[in-house]
Amino acid sequence: MTKGRRKPDPAAPGRAAEVSALVVEGAAARGRVCVGAVAGAHGVRGDVRIKSFTERPEDIAAYGPLEDERGERVFALTLRGRARGQLIGSVEGIDGREAAEALRGERLYVDRARLPEPEDEDEFYHADLLGLSAVDGAGKRRGRIAAILPAGDAAVLEVDPGGGRDAILVPFTREHVPEIDIPAGRVVIDPPEEPGDEAEDAARGAQDDERR
């Protein structure tokens, strides 16, 4: 799924430390999750290439019809196979290569309610975290979660403090995010003492890797 795993503290051995590499920038609105995107046309009969963001790529077709970002268009996807690491499928109503190519870059969404709940207490859907209020240990509001950024074997929460101020980057670990209360709509954060050092280094490293 489009999930991230909160990395345990270094002093807490024995807990899974990896983070899902299946990361997206976020859903158009709370309650909807981006599960994939159309990468382009395949062949001349209207099939499309699909980049899946789900944990098992084939699961993109397991949750019913998909929607576009605005929720205005519905895509009934049938998988046909694989090619060069991507899924191949057909979309109902798409009959030729030109129509299939017109879907290139289209992000595919499902309602959050259709997805199973994460089994691990440190695993969360990005859609559940985006928009949550971020407070410090004293309960003072620091902003809201605006994005979840990939950063090596962890992730970084980008907290928007508002007022045009610089974003606060917080490593998504138990040390720096000790409490997550989705029903209450908030997370408790403890940013690194030197603002940006740890989180920015991790995010910068991930960006450098992408450029190589």
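The values are calculated or read from the model by the stated rules, or taken from the named source; none is laboratory data. A quick note: this is a predicted structure, and the numbers were derived from the prediction, not measured. Every residue, glycine among them, receives a Cβ derived from its backbone with ideal geometry; neighbour counts consider all protein chains shown.
A few notes on this one:
- Every listed requirement among (1) within 12 Å of residue 36 (Cα to Cα); (2) under 16 Å from the mean Cα position of the chain (by Cα) is met by residue 61 save one, (2).
- Checking the stated criteria, residue 91 turns out to be surrounded by 18 or more Cβ atoms within 10 Å (Cβ to Cβ) and of a type outside the set (Asp, Glu).
- Every residue from the stretch 68-94 that is over 11 Å from residue 38 (Cβ atoms), among the aliphatic types (A, V, I, L, M) and part of a loop (DSSP other than H, G, I, E, B): 76
- Just one residue in the set 12, 28 is in a loop (DSSP other than H, G, I, E, B), modelled with pLDDT under 95 and under 20 Å from residue 149 (Cα atoms); that residue is 28.
- Note on the stretch 94-125: residues that are farther than 24 Å from residue 154 by Cα and touching a helix residue (DSSP H, G or I) at 6+ places or on another chain (Cβ under 8 Å) total 2.
- The condition (being closer than 30 Å to residue 78 by Cβ, buried (at least 18 other Cβ atoms within 10 Å of the Cβ) and not hydroxyl-bearing (Ser, Thr, Tyr)) is satisfied by just one residue among 97, 107: 107.
- Selected residue (only one of 136, 128, 120 is surrounded by fewer than 16 Cβ atoms within 10 Å (Cβ to Cβ) and under 21 Å from residue 59 (Cα atoms)): 120
- Of the strands (runs of 3 or more DSSP E) contained entirely in the stretch 104-211, those carrying at least 3 residues that are modelled with pLDDT of 90 or more and not assigned by TED's automatic domain parsing to the domain that holds residue 67 fall at 133-135, 141-151, 154-160, 168-171, 179-181, 186-188.
- Candidates are the residues of the stretch 72-117 that are of a type in the set (Val, Ile, Thr) and without any contact (Cβ under 8 Å) to a residue 24 or more places away in the chain; the one that is nearest to residue 58 (Cα to Cα) is 78.
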